[in-house]
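Novice: Below is one structure. I have some questions about it.
The values are calculated or read from the model by the stated rules, or taken from the named source; none is laboratory data. Just so we're clear, the structure is a prediction, and the values are computed from it rather than from any experiment. Reconstructed Cβ throughout: ideal geometry from the backbone, glycine too, with neighbour counts over all protein chains shown.
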């Protein structure tokens, strides 16, 4: 089996710096005191490379790469799968991404002079290096693989080698997840004011069913338990649960490729009131072979609703009235 190491860091959405609005949660006493950690740039590309930081055990601050199969005198080890994990704000430690074919260094490496890995007049070093094409950061909803904690599993150390025989089954499951867990939807969001609602009620029904089906398939494929609440007038269509995490999903289907949707007053109220757990799932070109699913969630860092690629929803509030004699 390929060499593997688990690296525990603070929780972020993008890991491309704090200046873009992304904030770090958790990550230990340093993050709590300073408001940032050296891992905030772990998925920032520099000339086709990614450079990752993790805080090894103080005071030595070295990674014991000999536990990854090299000599105790070697300064680095190649061809390692570096699994980045983090504690979710809702509880539990989950895989948030990985570097495949990475190089792990024993001691902290100094970055290039013109590095973008700077914050508060400080230049951040790194322990892990990989080609950008070999690296994956999971969208928040796709961070569903939980890492066991406690005795015999990942303890308090931020670097876990999982090098005992009893850990082989976990590593096999991780390898399988890496093969299937990298699911990302491409957004077809556009700025267009044309009519969004399908006028034919028969087609509209099939579009809506297709959107529900694809949304259920998407979240079920990630390991969520998905239940329909469409008949309950809850303000959302589906509920998806995994562990303590529960998502409230409003589903919209469109026959065209232009992403324009409308929410009822009830849906819009819950979208605002429950924004931490609320999701808007939109299937465009729903009845075609090139349909595309986009999932929108609220970004507290950017103060807007956006998909996994950072494309924002532009929201126009509409006041209407119905009158009769």
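Novice: Any residue at all in the range 141-160 that is under 19 Å from residue 78 (Cβ atoms) and in contact with a strand residue (DSSP E or B) (Cβ under 7 Å, 6 or more places away or on another chain)?
Specialist: Keep residues of the range 141-160 that are under 19 Å from residue 78 (Cβ atoms), which gives 159.
Of the ones still in play, those that are also in contact with a strand residue (DSSP E or B) (Cβ under 7 Å, 6 or more places away or on another chain) are 159.
Yes, some residue in the range 141-160 is under 19 Å from residue 78 (Cβ atoms) and in contact with a strand residue (DSSP E or B) (Cβ under 7 Å, 6 or more places away or on another chain).
Novice: Which residues, taken from the range 243-255, are touching a residue at least 40 places away in the same chain (Cβ under 8 Å) and in contact with a strand residue (DSSP E or B) (Cβ under 7 Å, 6 or more places away or on another chain)? It would help to see each step written out before you state the result.
Specialist: Of all residues in the range 243-255, those touching a residue at least 40 places away in the same chain (Cβ under 8 Å) come to 243-245, 247, 251-255.
Matches in the range 243-255: 243, 247, 251, 252, 253, 254.
Novice: Listed residues 5, 25; which is touching a helix residue (DSSP H, G or I) at 6+ places or on another chain (Cβ under 9 Å) and closer than 19 Å to residue 61 by Cα?
Specialist: It is 5.
Novice: Another question, then. Which numbered condition in (1) in a loop (DSSP other than H, G, I, E, B); (2) within 29 Å of residue 89 (Cβ to Cβ) is the only one that residue 323 fails?
Specialist: (2)
Novice: Could you check the range 226-244 and list, in sequence order, the residues that are in contact with a helix residue (DSSP H, G or I) (Cβ under 9 Å, 6 or more places away or on another chain) and outside any loop (DSSP other than H, G, I, E, B)?
Specialist: Scanning the range 226-244 gives 226, 228, 230, 238, 240, 242.
Novice: Suppose we keep only residues that are part of a strand (DSSP E or B) and under 30 Å from residue 239 (Cα atoms) within the range 117-138. Which one would you say is nearest to the chain's Cα centre (by Cα)?
Specialist: Filtering the range 117-138 down to residues part of a strand (DSSP E or B) leaves 118-119, 122-123, 126-131, 135-137.
Next, only the ones that are under 30 Å from residue 239 (Cα atoms) stay: 136-137.
On the way: 136: 10, 137: 6 Å.
Within the range 117-138, the match that is nearest to the chain's Cα centre (by Cα) is 137.
Novice: Among the listed residues 141, 74, which satisfies the condition of being in a helix (DSSP H, G or I) and in contact with a helix residue (DSSP H, G or I) (Cβ under 8 Å, 6 or more places away or on another chain)?
Specialist: Details: 74 fails: in a helix (DSSP H, G or I).
Being in a helix (DSSP H, G or I) and in contact with a helix residue (DSSP H, G or I) (Cβ under 8 Å, 6 or more places away or on another chain) holds for just one of 141, 74, which is 141.
Novice: Restricting attention to the range 112-128, which residues are buried (at least 19 other Cβ atoms within 10 Å of the Cβ) and either over 28 Å from residue 163 (Cβ atoms) or in contact with a helix residue (DSSP H, G or I) (Cβ under 7 Å, 6 or more places away or on another chain) (or both)?
Specialist: Passing the criteria: 117, 124.
Novice: Can you pull out the residues in the range 23-42 that are farther than 13 Å from residue 124 by Cα and in a loop (DSSP other than H, G, I, E, B)? Full working, then the answer.
Specialist: Taking the range 23-42 as the starting set, the residues that turn out to be farther than 13 Å from residue 124 by Cα are 23-35.
Across the range 23-42, the qualifying residues are 23, 24, 26, 27, 28, 35.
Novice: Out of (1) loosely packed, with under 14 Cβ neighbours inside 10 Å; (2) modelled with pLDDT under 95; (3) out of contact with any helix residue (DSSP H, G or I) (no Cβ under 7 Å at 6 or more places or on another chain), the odd one out for residue 92 is which?
Specialist: (1)
Novice: Turning to a different aspect of this structure: For residue 280, indicate whether it is touching a strand residue (DSSP E or B) at 6+ places or on another chain (Cβ under 6 Å), buried (at least 16 other Cβ atoms within 10 Å of the Cβ) and in contact (Cβ under 8 Å) with a residue 24 or more places away in the chain.
Specialist: Values: touching a strand residue (DSSP E or B) at 6+ places or on another chain (Cβ under 6 Å): yes; buried (at least 16 other Cβ atoms within 10 Å of the Cβ): yes; in contact (Cβ under 8 Å) with a residue 24 or more places away in the chain: yes.
Criteria met by residue 280.
Novice: Of the conditions (1) touching a residue at least 60 places away in the same chain (Cβ under 8 Å); (2) assigned to a helix (DSSP H, G or I), residue 269 satisfies every one except a single condition; which number is it?
Specialist: For residue 269, the exception is condition (1).
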